[in-house]
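J.: So that we are looking at the same thing, I have put the structure below in C-alpha cells.
Throughout, read-outs are computed from the coordinates displayed, never taken from laboratory work. The shown structure was predicted, so the numbers you read here are calculated from the model rather than taken from an experiment. Here the Cβ positions follow ideal geometry from the backbone for every residue, glycine too, while neighbour counts run over all protein chains shown.
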Amino acid sequence: TYIATTLAASGVIDFVNIIKGFIASDEAISHVIPGFGTPLGPHIPLAAAIKEAVNLPVFHAARINDLATARHAINEGLLDMVGMTRAHMADPYIVKKLERGEEDRIRLCVGASYCLNRLYTGADALCIQNPATGREETMPHVIERSEGLKKKVVIVGAGVAGLEAARVSAERGHEVVLFEAMHEPGGQVQLLARANERRQEMIGIVDWLVSEIGHLGVDLRLNTYADAATITAEDPDIVVIATGGFPNTSFLDKGEELVTTIWDVIAGNSTPIGSVLLFDDHGSEHALSCAERLATNPDVQLELVTPDRLVGHEVIGTAYPSYLKTFYENNVTMTPNLRLVSVTQHPDGLAATLHNEYTDDLTERIVDAVVIEHGTLPLDDVYFDLKDGSTNLGEIDIDALIDGRPQDLLANPDGTFQLFRIGDAVSGRNIHAAMYDALRLAKEF
C-alpha cells in the first residue's frame, strides 16, 4: 500500500489501477494474468487493501470472469470498477444480456488464455471459443435470421464444431437435428476437461453451447449412431458432418497394436504404470495434459519425448509454466529431438526405438508402456457414404467461404441435399479452428 498512498497523496492521480506481480518472466506473468485452474479474482484482496488505504477510486482486473465475482467485489466495497477483458472477448454482449435479463446466456471465459498466448507468436488475439472475436469485419457475434426459406439442417457429431454449427443454423431460423453417438455432447473437449483438475473449466465451452441449442430448440439426439440411411430418412436440405477424428498411430513402422493413446489414458480406458514413454508429435496441450495426469501418479516414471526442439512447442506464453512446474516436481524426463519409429515386444516390457533426425542415430528405451499423441485422422466414412447423393458432391466453394457468400455449387442436379464436413472430420483442428469452420459455413445457410 505504500506506493499507492504515496501516489495518492501527491495529488497528481485521479484513480489507482491495481496489478499484482511482475512480468520479468513467463512464469511470473502467468500469475499476473492467471488462467484456468486458478481461483477467480485471486488479487482482489490486495486491491481491497489499497482501496481502504487511499481516498481514490480503485480499478482492478485479473481473472474476474463472471458477474457473480464482479458483483461481490463492487457490492462489498472492495473495488470501484472491475475490468473484465478476457470475459468480454468471450462474450462482448455481457452488459446487453444482463440488461435483457439473460445472464444465464452469457458465454463465460474459461481462462484458456488462447487470446493472450497468440500474442507471443505475433498473431492477433483470438478467443478459443468465440471465433467472431477479432474478426468482426467478417464474422458476426449476433447471427441474423435468414431471409430465405426455412431449411432442415442435419448435423452429425456434437463436438464443439457440430454444436456451433447447430447453434448458428438454429439462429438462422432453420430446423436443426443434431446426432451424437455418445451419451453426452462435447467430443474431445469432454476428454480435455477430464485430463486433470486444472482443465475442468474447459467444459464451460460445451456447457454454453449445449445451453444455447436448448434455448434455440435444436433436436439433440444422444446415443444415436447416424449412418447414411438414418440421415437421409430425415429428408434434410443440408447435412453437416462433424464426426471428428480418431487417434493416428499409423506413422509407426511397427507396433501399432502395442501402444495406447492419450485419449485412452484420459478417458480411463488405459492406466499405464511403471516406466512410461509418452511420445508427442503434436506439441499442444493435449499431450501435456495427459503427461500431467501421468506425472502425478506415484506409480509412474514418465519420459516425455518429442521430435521438436522442446516439449509442448505450441504451448507458450502463460500456459506452459504450470505444466513445467508439475513435470519438474515429479521428476519427469523431457527429451527433445527424438522421433518414435517403432515399438516391439521385449522380455522386460516394450522396446521403443527412437530416431534422431540430426545425427541419424537410433536409440532404444525399454519401458512398461508407450503412450502416443500424433494428432487425428478424420472419421469421415458417413461423409463419403452420402457424397453421391448430394447436390454439391460434398464440395465446398472455397472462394464463397472466404468471401462470406452462400454455398451454391451444383455438381449433381439429381442430389437431394447439400453436404459439408467441418472440424476434425476434415483434418486435425484445435477448438477455435473447429468452431470457426462451423461459424463461417453455417452463417450463410
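J.: In this model, which of Lys97/Lys151; Lys20/Lys325; Lys20/Lys97; Lys51/Lys325; Lys20/Lys51; Lys96/Lys152 are farther than 23 Å apart at the alpha-carbon? Write out the running numbers ahead of the final one.
T.: Numbers: Lys97/Lys151 28 Å; Lys20/Lys325 21 Å; Lys20/Lys97 30 Å; Lys51/Lys325 33 Å; Lys20/Lys51 14 Å; Lys96/Lys152 30 Å.
Violating the 23 Å Cα-Cα cut-off are Lys97/Lys151; Lys20/Lys97; Lys51/Lys325; Lys96/Lys152.
J.: If eta is 0.692 mPa s and T is 37 °C, what Stokes-Einstein diffusion coefficient results for the range 2-121, Kirkwood Rh from Cα pairs, in µm²/s? Intermediate results must be reported in sequence, preceding the final value.
T.: Numbers: Rh = 15.5 Å.
Approximately 212 µm²/s, per Stokes-Einstein.
J.: Based on the mean of other Cβ atoms within 10 Å per residue, sort peptides 226-238, 95-107 so the most packed one is first. Could the numbers behind the result be given before it?
T.: On the way: 226-238: 16.8, 95-107: 13.2.
Averaged packing, sorted descending, gives the order 226-238, 95-107.
J.: Any chance you could list the semi-axes, whole Å, largest first, of the equivalent ellipsoid that the Cα gyration tensor gives for the range 75-225, using √(5λ)? The partial results should precede the final answer.
T.: On the way: eigenvalues 147, 82, 54 Å².
Sorted largest first and rounded, they come to 27, 20, 16 Å.
J.: Sticking with this structure for a sec: Between Thr138 and Glu52, what is the FRET efficiency for a Förster distance of 30 Å, r being their Cβ-Cβ separation, to the nearest 0.05?
T.: On the way: r = 47 Å, r/R0 = 1.57.
Between Thr138 and Glu52 the formula returns 0.05.
J.: Follow-up question, since we're still on this one. Among (i) 39, 26, 21; (ii) 39, 35, 17; (iii) 35, 27, 21, which one is semi-axes √(5λ) of the Cα gyration tensor in Å computed from these coordinates?
T.: (ii)
J.: Same structure, new question: Checking the cross-link filter: which aspartates and glutamates have an alpha carbon closer than 20 Å to that of Lys150, excluding same-chain neighbours under 8 positions apart?
T.: Here the aspartates and glutamates satisfying the reach criterion relative to Lys150 are Glu164, Glu171, Glu175, Glu212, Asp219, Glu234, Asp235, Asp237, Asp408, Glu444.
J.: How high is the relative contact order of the chain, in percent, with contacts defined as C-alpha pairs under 8 Å that are six or more residues apart? Mind dumping the intermediate values first?
T.: Values: 929 pairs, mean separation 67.7, N = 445.
That works out to 15 percent.
J.: Please sort 342-354, 13-25 by packing, taking for each peptide the average over its residues of neighbouring beta carbons within 10 angstrom, highest first. Let's see the in-between values first.
T.: Values: 342-354: 16.3, 13-25: 13.2.
With the highest mean Cβ count within 10 Å placed first, the list reads 342-354, 13-25.
J.: Now a separate question. With all distinct Cα pairs included, what does the Kirkwood hydrodynamic radius of the range 256-374 come out to in Å, to one decimal, could you say? Could the numbers behind the result be given before it?
T.: Working: mean 1/r = 0.0704 Å⁻¹.
Computed over Cα pairs of the range 256-374, the Kirkwood hydrodynamic radius comes out at 14.2 Å.
J.: Set the Förster distance to 22 Å, then compute FRET efficiency between Leu7 and Val32 from the Cβ-Cβ distance, nearest 0.05. Numbers along the way, then the final one.
T.: Values: r = 20 Å, r/R0 = 0.89.
Step by step, r from the Cβ atoms, then E = 0.65.
J.: Right, something else. How large are Rg and Dmax for the range 155-274 when only the alpha carbon atoms are used, in Å?
T.: 16.7, 55
J.: Dipole of the chain (Lys/Arg Cβ +1, Asp/Glu Cβ -1, origin at the Cα centre): which of Ser270, Ile64, Val54 lies farthest to the positive side?
T.: In the chain, that residue is Val54.
J.: Under unit Cβ charges (Lys, Arg +1; Asp, Glu -1), what dipole magnitude, rounded to 20 debye, does the range 2-121 have relative to its Cα centre? Before the final figure, lay out each step's value.
T.: On the way: 11 positive and 12 negative charges, 52 e Å.
In total the dipole reaches around 260 debye.
J.: With +1 on the Cβ of every Lys and Arg and -1 on the Cβ of every Asp and Glu, and nothing else charged, how large is the dipole of the chain about its Cα centre, in debye rounded to the nearest 20? Present the calculation step by step, with values, prior to reporting the outcome.
T.: On the way: 34 positive and 64 negative charges, 300 e Å.
Roughly 1440 debye for the chain.
J.: Treat the count of other C-beta atoms within 10 Å as a stand-in for reagent exposure and order Tyr323, Tyr93, Tyr120 from fewest to most.
T.: The fewest-first ordering by Cβ neighbours comes to Tyr120, Tyr93, Tyr323.
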